[in-house]
Amino acid sequence: MTFAIHGLAVSRGIAIGRAVVVASSRMEVVHYFIRPDQVDAEIDRARSARNAVIDELRRLQDEMPQDAPGELDALLDVHLLLLQDEALAAAIKHWISDRLYNAEWALTTQLEVVSRQFDEMEDEYLRERKADLEQVVERILRYMKGMASPVPAPAALPRADATGEGAPQQPLLLDEVTDVPLVLVAQDLSPVDMLQFKSRLFAGFITAVGGRTSHTAIVARSMDIPAVVGARAASQLIRQDDWIIIDGNAGVVIVDPSPIILAEYGFRQRQNELERERLSRLRHTPALTLDGERIELLANIEQPGDGPAAVHAGAVGVGLFRTEFLFMGRGGNLPGEEEQYRAYREAVDGMQGMPVTIRTLDVGADKPLDKAQPKDYYLNPALGLRAIRWSLADPAMFRTQLRAILRAAAHGQIHLLFPMLAHQSEIEQTLAQVRLAQSELDARGVAHGPVKLGAMIEVPAAALIVRTFLRYFDFLSIGTNDLIQYTLAIDRADETVAHLYDPLHPAVLKLVADVIAEGRAQGKSVCVCGETAGDVGMTRLLLGLGLRSFSMHPAQILVVKQEILRADTRKLTAWAQEVLRSDSPAALLGP
C-alpha cells in the first residue's frame, strides 16, 4: 500500500531505491550501583572507552578519501573536541565516584544534563549540536558493548529478487547492485556514519530527527544528495527493502509507490539531473539581471577550510564566516591569537583573493563558552548577554579576536562584521576596541591590513535607526533569521509557535526594505545573509526591493543565480512596492 511520510526538505533532488533500515541510534543502558572499591576500575573503563573512540575518529580522519566533503572533517573535529572535553570527563567521574553509578549510567546521566542546556539555546544551529553530543556518547556506549557502527556493512545489506518483489534474499555487496539504488533510513546519522554513507553508494537518506541546520542536512547539501530529515515515523513505518521515493524538493517520502507514481518520479528524477547539469554551466556566468544589474552572490561558511567549496560553487566571496565554531566545545580553553590568526588566514587563502566577511564572536547567554554560571543566571537567553554584548563585556577576549582578524587582513580582503548591535554607545565602544587592537599590533611591530567595518541588522531597533549605523559603518548585513524572530517575538525553538515564524510578515518586509533603501541612498552595500537569501522564492522580491548582495549556503548559489539571470529589476521594482503595501504579501509572490 502506497503512503507518504512528511519531513523537512534539506537537500534538493529525487532519489528512488530500496530501503536499508538501520537500528535506532538510541541504546538501552543497564543502570546499577557499584561498590566503593569498584570506583577506580569503573572510571578507567569509561576513560578507556573514550580514548578508544578518539583513536577511531583520528584514524578515520587520516584515512578520509581525497574527495570527501570538507564538512565531514570539520564535524569529526567537533566530535573529537567533545570527546576531549575535560568538563565532560570530570562530570562522568563525578557520577561514578559520588553517586556510585556504573559507567554507562554516568554517561547517559551527564548526556541528559547537557541536553537540557542545548535545548534552551536560542541559536538553531547550536541547539542541534546536541545531536553531536548524543552520537559521541553513543559511540562510547557501543564500544563498551563491543558493538559496531549502526551503519550496516556492505555484506549485511539485503538483496531483492529480480522482480523487485518478495522478501530479502542472500546478502549482497554494493558493487553488485549499481542498478539497484539504496536509500538509507535511520533515526539519526553521525558525521562518521555520513562518511561511510558516502563510500557505500546510497542514493539518498531519511532520518527521523534533525533540522535544516543539523549536521546531516549540512553534509547532505555539501554532497548534493537528496535528503529528508525530521520524518519522525520513518524508522517505524518503513520496512527493510521497501521501495522508497525521496522528494528532497518537497520534504516528502513515498513508501511502496504504485507503478504510476514510480514512473512520474522517475521522469522528475531525470528532469532534475538535466537541471543540475544545466545549472552547473552557470558556475562561471556573471550574475547579471536582464537589465544589466550586477548581483553579488556570496557564501556562508562555518569552518576555515570551507573556502574552496564556496569558490567551486561560484561564490564571489564569503558574506558570513561564523567564527563562533572555532570557540565552542573547548571546555573553556578558548583559541588564542595565533590559532585564530591561522584559521582566518586559511579562510582568506581559500578564497583566492576574493573578499571574506568575518563576523566576530556570536555567543553568550545560552552559549556561555563553557564558563560555569548559576542555573538561574539567564532569565531569557535570547535577550541576554550575547553576541557583541558578550564581546564588550570581555574586552581582552574581544581584542584577541580583533588582532587575529586584523593580522589575517594583511594577506587578503577582509570585511569585519559585528553582530547584534542596537545602541550608538555599543557602536562607539566596538569601534574603540578596533582602534585599540590596531594600536596594540603597531606597538608590537606586527603587520596588519585594512578592513571594512560592517554591522549586522538583526534587532528591530537597529533597522529603525539604520541612518545612525550608516554614519559609522562601511556596509550592513541583514541577519533575517534573528530579525524575524525578534520582530515577531517568535522563539524558533518552540514548536508551538514556530509556524508563526514568517519572513513575509509585513512588518519584517518593511524593516528589510527600509534598510536596503537607506543603504542604497547613501551608496553603501547592504547584504542579506540569513535563510531568506538562499530561498529562491524570495529572490525576485529582494531584487525588487533593491538588494544587490546575497550570502547563502554554497549549495544554493546556482539556483539563485538562475533566478537572477531571468529577472528584470525595472519590472520588479513596482511589483515589490505593491507587495510591501499588501496585508498578505505571500499571496502576491505567486509560484
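The values are calculated or read from the model by the stated rules, or taken from the named source; none is laboratory data. Given the structure is predicted, the values throughout are model-derived calculations rather than measurements. So basically every Cβ, Gly included, is an ideal-geometry build from the backbone, and we count neighbours across all protein chains shown. Heads up: the accessible areas ignore ligands, DNA and RNA and are worked out on the full protein's heavy atoms, side chains in. Shrake-Rupley method; radii C 1.70, N 1.55, O 1.52, S 1.80 Å.
Taking 0.36 nm per residue of sequence separation and removing the Cα-Cα distance, the residue 224/residue 411 pair yields an extension gain of 64.1 nm.
Considering the range 437-575 at the alpha-carbon level, its Rg and Dmax are found to be 17.2, 56 Å.
Cα centroid separation, the range 257-303 to the range 101-116: 45 Å. Across the range 545-552, rounded Karplus estimates of 3J(HN,Hα) from the backbone phi angles (6.51 cos²θ - 1.76 cosθ + 1.60, θ = phi - 60°) give 7, x, 5, 10, 9, 10, 10, 8 Hz, Gly and Pro being marked x.
Ligands, DNA and RNA are left out, and with a 1.4 angstrom probe the accessible area of the range 419-569 is 39 Å² per residue. Of the whole protein surface, residue 337 contributes about 30 Å² of accessible area at a 1.4 Å probe radius. Between residue 444 and residue 577, the modelled labels are 5.3 nm apart [label points 7 Å from Cα along Cα→Cβ]. Projecting the Cα atoms of 463, 480, 448 onto the charge dipole of the range 409-483, computed from C-beta unit charges around the Cα centre, puts 448 farthest toward the positive end. Relative contact order of the range 33-143, taken over Cα pairs closer than 8 Å and 6 or more residues apart, is 37 percent.
Computed on protein heavy atoms with a 1.4 Å probe, the accessible areas place 139, 581, 116 in the order 581, 116, 139, largest first. With the whole protein complex present, residue 143 retains an accessible surface near 120 Å², based on a 1.4 Å probe. The residue list 108, 84, 72 was ranked by how far each Cα lies along the charge dipole of the range 33-143 toward its positive end, using unit charges on Cβ atoms, and 108 comes out on top. Between the C-alpha center of the range 390-435 and that of the range 439-473 there is a gap of 7 Å. Summarising the amide proton neighbourhood of residue 357: residues at separation of 5 or more, or on other chains, whose placed amide H is nearer than 5 Å comprise 318, 319, 320, 321, 415.
Simple point charges give the picture: +1 on the Cβ of Lys and Arg, -1 on the Cβ of Asp and Glu, and for the range 33-143 a dipole about the Cα centre of about 560 debye.
Close amide H partners of residue 420, meaning residues 5 or more places away or on another chain with modelled amide H under 5 Å apart, are 456, 458. These residues, 45, 99, 129, go from largest to smallest accessible area, 1.4 Å probe, as 99, 45, 129.
For the range 557-563, 3J(HN,Hα) computed residue by residue from phi via the Karplus equation (6.51, -1.76, 1.60; θ = phi - 60°) reads 4, 5, 5, 5, 4, 4, 5 Hz, glycine and proline entered as x.
Rolling a 1.4 Å probe over the protein chains gives residue 85 an accessible area of about 20 Å².
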